[in-house]
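Read through the structure below, which is laid out as structure tokens, and then see the notes.
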Amino acid sequence: MIHLTDINKTYYNGAALHVLKGLNLQIDKGEFVAIMGSSGSGKSTLLNIVGILDDYDSGSYYLNGKLIKDLSEKNSAVYRNNMIGFVFQSFNLITFKTALENVALPLYYQGVRRNKRNKIAMEYLDRMGLTEWADHLPSELSGGQKQRIAIARALVTNPQVILADEPTGALDSQTSIEVMEILQQVNREGMTIVMVTHDPEMAAMSHKIIKIRDGVIGSIEHQ
Amino acid sequence: MFDLDSWQEIWVTITRNKRRSLLTAFGIFWGIFMLVVMLGAGNGLSEGVASDIQGFSENSALFFTNNTSEPYKGFRKGRYWNMQEEDLDILEAQIKDIKYTVPFLMGQNVTVVYRDKSTSCNTKGNSPLYNQMMPQHMIYGRYINHMDVQDRRKVCVVGRRVYEELFRAGEDPIGTYLKLYNINFQIIGVSEPSVRGVNINGRDDEVISIPYSVMQQIQNSGTIIHLIGVVANENVSMSVLEPQVEALLKARHNIAPTDDFALESINVERIFKQFEMLFTGISVLIWIVGLGTLLAGVVGVSNIIMVTVRERTKEIGVRRAIGAKPASIIFQIIKESTVLTVAAGFLGLAFGVLVLDLADKFLLQNMTGEVFFKNPQINFTVALSAAAIILLCGVLAGILPAYRALQIKAIDAIREEN
């Protein structure tokens, strides 16, 4: 599913910063993987590369058998839209759109017609138990509800993988566990999930914990 | 392109910051408003002047004499000379492109007596053709005709203002007699010029016209003519005929061909062309100023959309993360600036037209007498080009902000979190 071979990435901001140093990683379909590491270890860079938000210098990255390298802005947008669902720490919902419209947005960029995409979005909101909040703006919802909307938005295109970047970072512990349970549920239904987190408690709810150290895989723990 | 969501988003972005959107839109509104009002005013001015000179035979010239300034063929310098009546026939016979010639004699300022009333006014010796070159509006009666000239009838056409001084309002003067030059003249008509912007030796509503043959008799001047009007055929420019007429007249009267002072001419066609050029110049100036104002408005809109783009960095980043293609971002921004510009622009257009209309209805309609301003309107073509310009401005204003929005990478939306 996700196949990274000898990935190197160097940032040039004044001084050259070699972040990923020949990283190799394989994540199979249906896995729930947590990526941990101290700040500066390269875990964010890794997530950006996996999420086709950033390019890499050398090596190869195959996502579902497709080589992801040197894509144009347009193609990477299409790949992100079709193959990847993002869940962010601060939800990143569009503030002036209702819950339903937020969930339907990725389908809008696929060119799905309004009625059809609202119907699909409604199904996913329903799965998150948020049917009655469909017409509310994000500002009228709690953190947990917002994150559930964000998850629904990530799922709505039926992607290959969900990339969750500190999905519980902005939530209290009770809500965090609820959100994690939803992610586990989604994973049980067959979705591959890659999550970056600081929190060992949350990481413990995944199948596999990958620790990044100095730009390479430090250790892999199976639960 | 028509998609409810994208329009809804435009609406939301524009209304989210109402005051700023309004101030920005005002730049465009004002630009278009000024352009429309100035164009309308320019149009009013040129139409006003045009209506003042309309009807006058435009393709014509007037010729009159002065003392010679060069000795020629044994004649001394400074000789005074006159054109003669036969010059008219010779000109018409020898220069084919002359449509007709008009003889004219200047009379004295005389005292005019009607019964117990008297006034003083200028007199002119005219011919029926004068009424063709410079059409008269007859309030009563008729103009001087060929028989009047031929038979040297003591008849006169009275200018409207002279009539008003001597007669009661509404009184029909036809057939009554006026005394001028100590001769009784029967009134055959009351006239006023239908062309107000052009006068030959005084305004026609302030003078009394008599047949030029009678004027020659009064002045005891034989067959001399003070002024010849030459009207050219439609397909020939007066500027081509003018030197031919001058050459012929000079040759007939032994004037040096190089003597520019002895025979003077006023080329009406050239004056009209100068007017036309003046108004073209005014209209070009208006467009330059108007478009300049509009450009300032465009820069304003561009600036404000730029600020909006910066504010929306995160939102645009998220959109790109979840699959917005660069083209859809560009379209979004350009549509936004176009909507703002078009809404403001059309409002400016409508308001400008309204102001012109009100000015026309209430200001100009109540003015009497000398109005050199008429129909301050813009025509449909101008309105259409203004609309096209507005649309173009909207797209232009969006280009730079759209480019800026394109620089926002999806990764920027996420970076702040880690």
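The values are calculated or read from the model by the stated rules, or taken from the named source; none is laboratory data. Quick caveat, the model's predicted, so the values are computed rather than measured. Here the Cβ is made from the backbone with ideal geometry for all residues, glycine too, and neighbour counts use every protein chain on show. Protein only, heavy atoms only, side chains kept; ligands, DNA and RNA dropped before computing areas. Shrake-Rupley method; radii C 1.70, N 1.55, O 1.52, S 1.80 Å.
Some observations on this one:
- Of the residues making up the stretch B:186-194, at least one is touching a Pro at 6+ places or on another chain (Cβ under 8 Å), assigned to a loop (DSSP other than H, G, I, E, B), closer than 28 Å to B:V49 by Cα and not assigned by TED's automatic domain parsing to the domain that holds B:E47.
- You will find that of A:Y109, A:Y56, A:Y61, the residue that is open to solvent by 20 Å² or more (accessible area, probe 1.4 Å), within 23 Å of A:D165 (Cα to Cα) and among the aromatic types (F, W, Y) is A:Y109 and no other.
- Check on B:V236, open to solvent by less than 50 Å² (accessible area, probe 1.4 Å) and either of a type outside the set (D, E) or part of a loop (DSSP other than H, G, I, E, B) (or both): yes
- When A:A121, A:A154, A:A104, A:A134 are screened for being over 21 Å from the mean Cα position of the chain (by Cα) and surrounded by 15 or more Cβ atoms within 10 Å (Cβ to Cβ), only A:A134 passes.
- Within the stretch A:179-189, considering residues that are surrounded by 16 or more Cβ atoms within 10 Å (Cβ to Cβ) and within 12 Å of A:M202 (Cα to Cα), the one nearest to the chain's Cα centre (by Cα): A:L183
- Only one of the listed residues (A:S90, A:S39, A:S72) is open to solvent by 40 Å² or more (accessible area, probe 1.4 Å), under 13 Å from the mean Cα position of the chain (by Cα) and farther than 16 Å from A:L23 by Cα. That residue is A:S90.
- Tabulated pairs, the stretch B:257-277, first within 21 Å of B:M83 (Cβ to Cβ), second loosely packed, with under 13 Cβ neighbours inside 10 Å, C-beta under 9 angstrom, 6+ apart or interchain: B:P257/B:A251; B:F261/B:N67; B:A262/B:N67
- Members of the stretch A:69-88 that are at negative phi and either away from every other protein chain (no Cβ under 14 Å) or of a type in the set (G, A, S) (or both): A:K69, A:S72, A:S76, A:A77, A:G85
- Qualifying positions in the stretch B:168-198 - under 29 Å from the mean Cα position of the chain (by Cα) and charged (D, E, K, R): B:E192, B:R196
- The listed residues are B:S239, B:S213, and the only one of them that is at pLDDT below 90 and among the hydroxyl-bearing types (S, T, Y) turns out to be B:S239.
Matching residues to (1) open to solvent by less than 70 Å² (accessible area, probe 1.4 Å); (2) of a type outside the set (A, V, I, L, M):
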| position | (1), (2) |
| --- | --- |
| B:S6 | yes, yes |
| B:V12 | yes, no |
| B:F33 | yes, yes |
| B:G42 | yes, yes |
| B:S51 | yes, yes |
| B:S57 | yes, yes |
| B:F63 | yes, yes |
| B:R76 | no, yes |
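- Looking across the stretch B:101-144 at every residue that is open to solvent by 50 Å² or more (accessible area, probe 1.4 Å) and not in a strand (DSSP E or B), the one that is modelled with the highest pLDDT is identified as B:R142.
- Comparison of A:M195, A:M128, A:M180, A:M191 shows that the only residue that is under 20 Å from A:N92 (Cβ atoms) and within 14 Å of another protein chain (Cβ to nearest Cβ) is A:M195.
- Taken over the stretch B:78-100, the criterion of being open to solvent by 60 Å² or more (accessible area, probe 1.4 Å) and of a type in the set (K, R) is satisfied by B:K96, B:K99.
- The stretch B:290-327 - residue that is among the polar types (S, T, N, Q) and open to solvent by 40 Å² or more (accessible area, probe 1.4 Å) and, of those, nearest to the chain's Cα centre (by Cα): B:T293
- Flag if B:A402 is within 14 Å of chain A (Cβ to nearest Cβ), assigned to a helix (DSSP H, G or I), of a type in the set (G, A, S) and within 23 Å of B:L294 (Cα to Cα): yes
- Hey, A:G169 within 26 Å of A:V50 (Cα to Cα), small (G, A, S) and more than 14 Å from chain B (Cβ to nearest Cβ) or not: no
- Within the set A:G51, A:G65, the sole residue that is more than 11 Å from chain B (Cβ to nearest Cβ) and not hydrophobic (A, V, I, L, M, F, W, C) turns out to be A:G65.
- When A:N24 is tested against (1) more than 24 Å from A:A203 (Cβ to Cβ); (2) away from chain B (no Cβ under 11 Å); (3) open to solvent by 60 Å² or more (accessible area, probe 1.4 Å), exactly one condition is not met: (1).
Here's the yes/no breakdown for (1) among the β-branched types (V, I, T); (2) outside any loop (DSSP other than H, G, I, E, B); (3) modelled with pLDDT of 90 or more:
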| site | (1), (2), (3) |
| --- | --- |
| A:I52 | yes, no, yes |
| A:Y62 | no, yes, yes |
| A:D70 | no, no, no |
| A:R80 | no, yes, yes |
| A:F96 | no, no, no |
| A:L100 | no, yes, yes |
| A:A104 | no, yes, yes |
| A:N118 | no, yes, yes |
| A:Y124 | no, yes, yes |
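- Considering only residues in the stretch B:316-361 that are in contact (Cβ under 8 Å) with a residue 40 or more places away in the chain and facing another protein chain (nearest Cβ under 7 Å), the one that is farthest from A:A150 (Cα to Cα) turns out to be B:P326.
- Residue pairs meeting the criteria (Cβ under 6 Å; at least 6 apart or on separate chains; first more than 10 Å from chain B (Cβ to nearest Cβ) and more than 14 Å from B:L4 (Cα to Cα), in the stretch A:110-124; second assigned to a helix (DSSP H, G or I) and open to solvent by less than 80 Å² (accessible area, probe 1.4 Å)): A:A121/A:L100; A:A121/A:V103; A:A121/A:A104; A:Y124/A:V103; A:Y124/A:A152; A:Y124/A:L155
- Residue in the stretch B:308-324 that is assigned by TED's automatic domain parsing to the domain that holds B:A410, at pLDDT below 85 and out of contact with any helix residue (DSSP H, G or I) (no Cβ under 8 Å at 6 or more places or on another chain) present: yes
- So B:V149, is it in contact (Cβ under 8 Å) with a residue 60 or more places away in the chain, in a strand (DSSP E or B) and in contact with a helix residue (DSSP H, G or I) (Cβ under 7 Å, 6 or more places away or on another chain): no
- Among residues of the stretch B:243-280, those that are open to solvent by 20 Å² or more (accessible area, probe 1.4 Å) and farther than 30 Å from B:G40 by Cα, counted: 16
- Verdict on B:A41 being at pLDDT 90 or above and either in a helix (DSSP H, G or I) or in contact with an Asp or Glu (Cβ under 8 Å, 6 or more places away or on another chain) (or both): no
- Test for A:G30: is it more than 9 Å from chain B (Cβ to nearest Cβ), touching a residue at least 40 places away in the same chain (Cβ under 8 Å) and under 17 Å from the mean Cα position of the chain (by Cα): yes
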